[in-house]
Every structure is written in structure tokens, then in C-alpha cells.
Amino acid sequence: MSQRRKFIKQSLMGSAFFIPGLNQAFARVPTEFSAGQKPLILSTWNHGIPANEAAMAKLTGGGSILDAVEAGVKVTELDLDNLSVGLQGLPDREGITTLDASIMTGDGSCGTVAFVRQIKHPISLARMVMEKTPHVMLVGEGARQFAISQGFPLEEEILSPNAAIEYQKWKVTSQYKPIINIENHDTIGMIGIDSNGKLAGSCTTSGLAYKMHGRVGDSPIIGAGLFVDDEVGAATATGLGESIIRICGSFLIVELMRQGRTPQEACEEAVKRLIAKNKNIKDIQAGFLAINKEGETGAFAVHPGFNFAKATSSKNELIDSRSHFTL
Ligand code: ASP
């Protein structure tokens, strides 16, 4: 831990401004994954491996960190094996696939789309919202109309073969149970830092399977599924969106890092907060990733099973996250 960080932490612990609920003593956690490195890309789940590869290729080919996090998750948006990202994702309970995505850079620029249909690359549409409109978020039909105006082709609205099979199975009982467990979530959240310390992040999903039509999760909500600040670091989330929105998960992690926590400590504190603010925690999985501006990393989940991909310029590896509950 840097002297400065130690100092900030000690001062905060003795300060009248210390955030309630955060003033318990916390042990320094082992930081086996956290040695600072730049450039660095982190992304959720095993599909993070090919996504990181594309992101690193973009970065080393001269692209910006923003170009990299867009290019990386575009790979997942086209991955037919992934039933939680892109148009091949599982539909809502009406049988319609709707997509959410967000993108952000460390200077506060951000763009998001939610509840959008027929767009193959919602992450690129989110970037267009950021770069071509005075707004941060477009949803539903408005987002689709904006996509058309920007020359995005509209895809045919049919379920992918795998999603169609799963939807038919689900319709047998049509049981609406918005739980996220190890089998049914796969959002990609990606955060990255370039060698100059510039940060960016992206997050894209088809959301919770069999959700109510119109439901939007954490992924396109800036501060929930994604938050990036060049002064501090970046965080992203996966898991039950409602549980993450309730605690403003990604923003919380960045703010905890601002106050002196390491990325690992910040992720662990966010999980603790999420557990405190959500009922039926045994049915809720959520996981967080974080990077600080030194290129140190953190990851933590509610339950076992969360993994993430970490790429440096020389290595791209899948790492099992630790979790609050253990098997
Ligand atoms: N966070 C996503 C959502 O709630 C789901 C996921 O991570 O797969 O929409």
C-alpha cells in the first residue's frame, strides 16, 4: 500500500467525515492478482479471454483505450455460445431480446443504451450516444431510431437457435423467478488502462433471462454496471442487476478507492454492502472487477463461480475470483 494511501485511510478512520458502516478495521487482503501493471484489460467471465485479446490487439495497434474496450466486447456481442450478451441472448418473457450497454472514459464522458432491439452492436450505439448527442442515455424505440439515423443496420427479430430452445423449455412452466445464479448470467463488463494511465470501460448484455418486458438492469446505468474516473480508477459489475443498482456498485468501488482502499478492498466492501441491502442473498450472484490508476486490480463476488480474464501486453489469463460465501 502506498504511504499516501495508508495516510488517507488512517486520516479517514479518525475523521468525522468517515462514511458510516465503513469504519470497521479491515485486514490487508492478499493481493495475489493486484500488482500494478499498464496497459491492462480486465473483463468478466471466460468470454473475457477472446474479448481481452481483441481489446489488446486494438490498443497495441495504436487504438485508444476507448477503441480497445469497444472492440473487445464486440467480440462477445457476436458470440453465439453466449446467451446473455448480444442478439443471440435469451429473450424476455414475451420472447423478445432487448439489449443494454454502456461505455465510459475517465474524463467523465459516457454513453448508454437500454431496452434496445435489433441492434447487433449496442456498445457501438452507446459510443455514438456519447460522441454524437448531447445526452448520456437513449432507450427503446428512441435508441433504435437513433441507430437507424447513424446507419446501423436493423437485424431480423428472430431468436438464435440456442435461445429459441431455451425459451421453449422455459415456457413449459413460464416461472418468473428473477434470480441470477451460476448458470444464467454472462454479461461482459470490461475495464482497461493504457500505458499513460488513461482509463475506459464498457459493459454489454441482453440482461436477465425471461425478464419483464421493459426491464433494464445495471449494465447501462452509469455508476451501477460501470464507472470510470481517470483520477482514481474503474469498476464494472455482473450479476443480478437489481442488487447492483441498489448499492450503485461500480461508483461505490471507485469512491472507496478514492478514499484509499485498494481495488480488492473496494470490491470486497461493495459485496458486503450488496449483501446487507438485498434479501434472499442465497439466490443472488453478483461480481465486481476494479482497476486503480496504478494498474492494481481487484475482484470479488457474492458466491463462488465468478471468474474474470486479465490481460497485460504479455499474458491473457482466466482467474477465479474469491467470494464472500464459500462452497
Ligand atoms: N447484470 C446483468 C443484468 O442484470 C446480468 C448479467 O450480469 O448477466 O442485466
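When the residues of segment 96-115 are filtered to those that are out of contact with any helix residue (DSSP H, G or I) (no Cβ under 6 Å at 6 or more places or on another chain) and small (G, A, S), the one that is most open to solvent (accessible area, probe 1.4 Å) is G108. Within segment 214-235, being small (G, A, S), under 18 Å from R258 (Cβ atoms) and within 14 Å of the ligand (Cβ to nearest atom) holds for G223, A224, A235. The condition of being aliphatic (A, V, I, L, M), under 14 Å from T187 (Cα atoms), touching a residue at least 12 places away in the same chain (Cβ under 8 Å) and away from the ligand (no atom under 16 Å from the Cβ) holds for only one of L87, L80, that being L80.
Conditions tested, residue by residue: (1) open to solvent by less than 40 Å² (accessible area, probe 1.4 Å); (2) out of contact with any Leu (no Cβ under 6 Å at 6 or more places or on another chain); (3) at pLDDT 95 or above; (4) not in a helix (DSSP H, G or I).
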position: G260; (1), (2), (3), (4): yes, yes, yes, yes
position: E265; (1), (2), (3), (4): yes, yes, yes, no
position: F288; (1), (2), (3), (4): yes, yes, yes, yes
position: G305; (1), (2), (3), (4): yes, yes, no, yes
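Scanning segment 197-213 for residues being open to solvent by 10 Å² or more (accessible area, probe 1.4 Å) and more than 10 Å from the ligand (Cβ to nearest atom) gives a total of 5. Of D186, D194, all but one fail to be more than 15 Å from the ligand (Cβ to nearest atom), under 20 Å from the mean Cα position of the chain (by Cα) and open to solvent by 10 Å² or more (accessible area, probe 1.4 Å); the exception is D194. With respect to (1) farther than 20 Å from I41 by Cβ; (2) more than 10 Å from the ligand (Cβ to nearest atom); (3) open to solvent by 10 Å² or more (accessible area, probe 1.4 Å); (4) touching a residue at least 60 places away in the same chain (Cβ under 8 Å), the lone exception for I275 is condition (4).
When segment 217-258 is filtered for residues that are in contact with a helix residue (DSSP H, G or I) (Cβ under 6 Å, 6 or more places away or on another chain), assigned to a loop (DSSP other than H, G, I, E, B), of a type outside the set (V, I, T) and surrounded by fewer than 24 Cβ atoms within 10 Å (Cβ to Cβ), only G223 remains.
To keep it simple, each residue is scored yes or no on (1) part of a loop (DSSP other than H, G, I, E, B); (2) in contact with a Pro (Cβ under 6 Å, 6 or more places away or on another chain); (3) under 22 Å from G207 (Cβ atoms).
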{"residue": "K38", "(1), (2), (3)": "yes, no, no"}
{"residue": "I41", "(1), (2), (3)": "no, no, no"}
{"residue": "E53", "(1), (2), (3)": "no, no, no"}
{"residue": "K58", "(1), (2), (3)": "no, no, no"}
{"residue": "G62", "(1), (2), (3)": "yes, no, no"}
{"residue": "V75", "(1), (2), (3)": "no, yes, yes"}
{"residue": "D81", "(1), (2), (3)": "yes, no, yes"}
{"residue": "L90", "(1), (2), (3)": "yes, no, yes"}
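Note on segment 116-152: among residues that are surrounded by fewer than 18 Cβ atoms within 10 Å (Cβ to Cβ) and among the hydroxyl-bearing types (S, T, Y), the one that is farthest from Q88 (Cα to Cα) is T133. Considering (1) open to solvent by 20 Å² or more (accessible area, probe 1.4 Å); (2) at pLDDT below 95; (3) among the polar types (S, T, N, Q), the lone condition that S34 does not fulfil carries the number (1). Hey, any hits in segment 154-163 for a residue that's out of contact with any His (no Cβ under 8 Å at 6 or more places or on another chain), more than 14 Å from S206 (Cα to Cα) and open to solvent by less than 40 Å² (accessible area, probe 1.4 Å)? No: zero hits.
The values are calculated or read from the model by the stated rules, or taken from the named source; none is laboratory data. Only a predicted model underlies this, so the values are computations on that prediction, with no experimental measurement involved. In this analysis, Cβ positions are derived from the backbone assuming ideal geometry, glycine residues included, and neighbour counts consider all displayed protein chains. With ligands, DNA and RNA removed, areas are computed over all heavy atoms of the protein, side chains included. Shrake-Rupley method; radii C 1.70, N 1.55, O 1.52, S 1.80 Å.
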